[in-house]
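The values are calculated or read from the model by the stated rules, or taken from the named source; none is laboratory data. Treat the numbers as computed from the prediction; the structure is a model and nothing was measured. Backbone-built Cβ (ideal geometry, glycine too); neighbour counts: all protein chains shown. With ligands, DNA and RNA removed, areas are computed over all heavy atoms of the protein, side chains included. Shrake-Rupley method; radii C 1.70, N 1.55, O 1.52, S 1.80 Å.
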Amino acid sequence: MPDADGTPGRRAPDHIWITVAVVADVSAVVATARSTLGVIVVVAGVGALLAGIYRIAVRWGQPVDWRIVLATVTMIAGSGALIVTIDRSLTSGPHSRDNAAAARDHGKAGGQRSADLANQNSANAPTPPPPSSSTSSPSQPPGTMSLLDAHKAAEGFLHFSESPLKVNGTTYDRTVHGTSTCQSDLISTTYQLDRRYRQFQAGVGVGDETPYPAKVRFTLWVDGAVKHSETAEFGEIVPFRADIAGAFRIAIQAEVLTTACGGLDRRVFAAWVDPVVTP
């Protein structure tokens, strides 16, 4: 603008005002993004806004060039920084901090109530009974079936029955056993499996009621063919395992090997201890 005497007045060069506006805008944006110091943001934003207004006022009526565009941008940026700062001050004031503190206190109280309730329920819960003990047989895999529960398809003249029996000093509840009084007598029973099982497992031995040291051969038949055989003597239990995959029927058999023949006082007790089939 001209002075009072008509000579052109001196004014700050454009590059100084542009530099001030840009620095102010950058400071406002950085302070807004990285800091909570509202004073810095307000000062920088006001500086950018005023610098933009000044440049537009000075160059009002002149052709639009990059200076006018830059002045407009600095005004918008300065105004945006002020708006963001004011919004933050309203939303993060004492009321918000009080709400956050109340939420933390509520969470702590809720956690304490949950812990107290859990302790109370634990104290009121009945004491579980001790695990039951069983000396009859160990736990078996899912799908296991005892021969005591299997369907009998046929029985020999001398056949097996199911009842507890003492073998090698221990009484076993789930035992299949039969008696013979003479050498070469065969005790046998056939079971229907319908091809649903793959393994046969048992223990074989001579019952303690046998009056002399007898020896017995135990044999497993699968669909009319011998599958496996074991020999057991008085005072022992021998493990008996066989693959029966695809078996329609199986037959268990016992044969006394000791040379003897007599009455009931010479009976030999041939025992299959806990015989099971598994899929």
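Table for the structure above
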| item | result |
| --- | --- |
| Any chance SER184 is out of contact with any helix residue (DSSP H, G or I) (no Cβ under 8 Å at 6 or more places or on another chain), polar (S, T, N, Q) and at pLDDT 95 or above | no |
| Filtered residue count, region 160-201, keeping only those that are buried (at least 17 other Cβ atoms within 10 Å of the Cβ) and out of contact with any Leu (no Cβ under 8 Å at 6 or more places or on another chain) | 8 |
| Verdict on ALA232 being open to solvent by 10 Å² or more (accessible area, probe 1.4 Å), farther than 19 Å from MET145 by Cα, more than 44 Å from the chain's Cα centre (by Cα) and without any contact (Cβ under 8 Å) to a residue 40 or more places away in the chain | no |
| Residue within region 208-224 that is in a strand (DSSP E or B) and in contact (Cβ under 8 Å) with a residue 60 or more places away in the chain present | no |
| Odd one out for ALA247 among (1) farther than 20 Å from ALA153 by Cα; (2) hydrophobic (A, V, I, L, M, F, W, C); (3) part of a loop (DSSP other than H, G, I, E, B) | (1) |
